[in-house]
Each structure stands twice: as structure tokens, then as C-alpha cells.
Amino acid sequence: MRLVGLTGGIASGKSTVSNLFKNTSVPVVDADVVARNVVQKGTGGWKKIVKAFGDEILLDNGEIDRARFGQIVFSDPSKRQLLNRLLAPHISSGIFWEIAKLWMKGCKVIALDIPLLFETKMDRWTNPVIVVWVNPETQIERLMSRDGFSEEQAQNRINAQLALDRKKSEADIVIDNSGSLDDTKQQFQEVLRKVSEPFTWKERLRSRDGLISVVMCTTVGVLLAQKNLL
Ligand SMILES: CC(C)(COP(=O)(O)OP(=O)(O)OC[C@H]1O[C@@H](n2cnc3c(N)ncnc32)[C@H](O)[C@@H]1O)[C@@H](O)C(=O)NCCC(=O)NCCS
Ligand SMILES: Nc1ncnc2c1ncn2[C@@H]1O[C@H](COP(=O)(O)OP(=O)(O)OP(=O)(O)O)[C@@H](O)[C@H]1O
């Protein structure tokens, strides 16, 4: 099994690239979706957050008021770090289960769309790592226009992550998404080529079929050895 890391900065275009995988055989695990699921009303993550931040961050129906809560945590680094600490185990086990389900189905290449891939050091489990990069002016423009943020709100969210240029320097593949969607689609072809390269032995062993083969070969080997010994 090959785990492909897909990351970048906020509004750099991870979901846009992730959507391009939909026309291929590579499924995508989206950490933002996992992060939303683990804070749904009544879950363990939700209880921890309400205990730490109080019920003033809740809507009338008991769900988290994401806009209000986002405003709080992205304008105060200590609160954001507290949130990260509380949710990290829930998000990583959620991602693990999504991978496990795909592994059991026999998927051999899985893309992990994780905004904080480097910050959480999950990049050590992924190869190659794709960084969706965008120039700073375009990033802030797209973020403000998509989410209706002021420049200050957008900058706070950008500052909450490792600098995008630093992520770019750690990448195996960089997609520059500062241009048109067609430009990005063209660069995506290189991603498809790279993720379809032949598997290493380690990757073969990590796949469901590889593991089944190892178990079967070992069983046959043990049975033959026993037969010879009798
Ligand atoms: C604070 C919350 C409620 C705000 O919700 P909102 O709907 O406004 O944003 P959403 O979840 O869609 O995230 C949008 C983007 O913000 C960035 N982001 C989200 N959480 C964080 C964080 N803790 N630190 C830095 N950037 C973050 C990511 O690039 C993400 O793609 C939400 O972002 C949250 O629960 N964050 C903590 C979970 C987390 O770490 N998610 C990232 C998954 S690796
Ligand atoms: N090449 C492009 N040309 C024009 N607009 C784009 C392009 N790529 C992305 N966008 C727009 O920029 C915004 C951010 O893109 P997208 O949602 O894919 O980013 P993201 O990295 O997934 O964001 P987040 O970190 O919040 O999850 C969206 O409104 C999207 O439609």
C-alpha cells in the first residue's frame, strides 16, 4: 500500500487537487472531514471541547458554532494549541480507521489530504508528499473571497500554519496552483505518473494482497517443513 501525502496552506487548493483524484482509481481520505466528524454533538471530541471552552461556543441545537469558534481559536495561539492537543488523538485515529477500511477493500494507493501533515509529523508515513503551493497574494485573495474573511482574519488563519514556502521546500512534488485550473490539471499529470510508479517491496508487503501472500507462503512453508520432519 502506498500512502500519498497531499498538503499545502489554507486555501492553497488542496480540495481542488483532491477533486482531481476523483476521476482516478486513487481514493482520498480528507482530514477536514474527519476533523468535522470527531466534533459532532455528543462525541468524545465534542465533550472535550465543550469542557475546555464552555457552552458559549455552541449553537442552539448543541452543535459547535464553527464560525464563532474559529474566530476564537485563530486569534489566540494558546487556545488553538489547546484545541489541537484535545483533538489530535481523535483526528489521527479517525484517519487511521479510514485508511484501514480502504486497506481492507484492497486499495493499493490512498491519498491523504491533511492540511497539517508536516505540523503533526504525519509526513513520515507518506511518500510521495505533494504540496499544493500558491503565491501569497493569490492565497489571501482566494481565502478572503471564499470565506468572506477580512484581511486580518485571513492572515490569522495563514499564520496558524507552517509557512507555505517551508512546506514547498519539504515536498517531493510541488503543484503551483497560482494559475488557472487548467494549469493545475496539467501539473496533476506528473502526480499521477509518480503515484503509479512500481511499488517498492515495503509497499507490496503493506498492501492487503501482499500480506495475504506472505501469510499463505509462510503457512505452506511451515506445513512442508513439518511434513519433511515426520
Ligand atoms: C476551528 C474550527 C472549528 C473552524 O472551522 P471552519 O469550518 O471555519 O474551518 P475548517 O474546519 O473548514 O478548516 C478550514 C481550514 O483551516 C485550516 N485549519 C483548521 N484547523 C486548523 C488548525 N488547528 N491549525 C491550523 N490550521 C487549521 C485548514 O487548512 C483547514 O483546511 C475547525 O477548523 C477545527 O475544528 N479545527 C481543528 C481541527 C483541525 O486541526 N483540523 C485540521 C485537520 S489536520
Ligand atoms: N486554480 C484556481 N483558480 C481559481 N480559483 C481557484 C483555483 N484553485 C482553487 N481556487 C479557489 O480557491 C479557493 C481555495 O481552494 P480550495 O478550497 O481547493 O483550497 P484548500 O487548500 O482545500 O482550502 P482549506 O485549507 O480551507 O481546506 C476556493 O474558492 C477555490 O474554488
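Per-structure values
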item	result
Region 104-166: mean projected area of Cα convex hull, nm²	5.7 nm²
Segment Lys168-Trp97, length gained on full extension (0.36 nm per residue, minus Cα span)	22.7 nm
Rounded, prolate or oblate (a/c below 1.5 giving rounded, otherwise prolate when a/b exceeds b/c) for region 163-214 by Cα gyration tensor	prolate
Kyte-Doolittle mean at least 1.0, axial Cα span of 20 Å or more - DSSP H helices of the chain	none
Distance in nm between pseudo-label sites at Leu59 and Ser145 (7 Å out along the Cβ direction from Cα)	2.7 nm
Restraint check, Lys51/Lys79; Lys105/Lys194; Lys105/Lys185; Lys14/Lys194; Lys47/Lys121, Cα-Cα greater than 21 Å	Lys105/Lys194; Lys105/Lys185; Lys47/Lys121
Highest-fluctuation residue, Asp172, Asp30, Asp113 considered, GNM on the chain with Cα pairs under 10 Å	Asp172
Longest site-free stretch - the chain; sites: trypsin sites (Lys or Arg not before Pro), DSSP loop, at most 15 other Cβ within 10 Å	122-230
Mean separation of Cα contacts under 8 Å (6+ apart) over length of the chain, as relative contact order %	34 percent
Candidates Asn177, Asn61, Asn19: whichever shows maximal mean-square fluctuation once the chain is modelled as a Gaussian network with Cα springs under 10 Å	Asn61
FRET efficiency estimate (nearest 0.05) - Cβ-Cβ, Lys79 to Gln40, R0 22 angstrom	0.60
Rounded if a/c under 1.5, otherwise prolate or oblate - the chain, Cα gyration tensor axes	oblate
Qualifying lysines (Cα of each under 21 Å from Cα of Lys101; at least 8 residues distant if same chain)	Lys22, Lys202
Cα gyration tensor shape of region 99-230, rounded if a/c is under 1.5, else prolate or oblate by comparing a/b with b/c	prolate
Gaussian network model of the chain, springs between alpha carbon atoms under 10 Å - residue of Thr200, Thr120, Thr219 with greatest fluctuation	Thr219
Added length on full extension, which subtracts the Cα-Cα distance from 0.36 nm per residue, Asp32 to Glu197	56.6 nm
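None of the figures in this text is laboratory data; all of them are computed from the coordinates on show. None of these values were measured; they are calculated from a predicted model. So basically every Cβ, Gly included, is an ideal-geometry build from the backbone, and we count neighbours across all protein chains shown.
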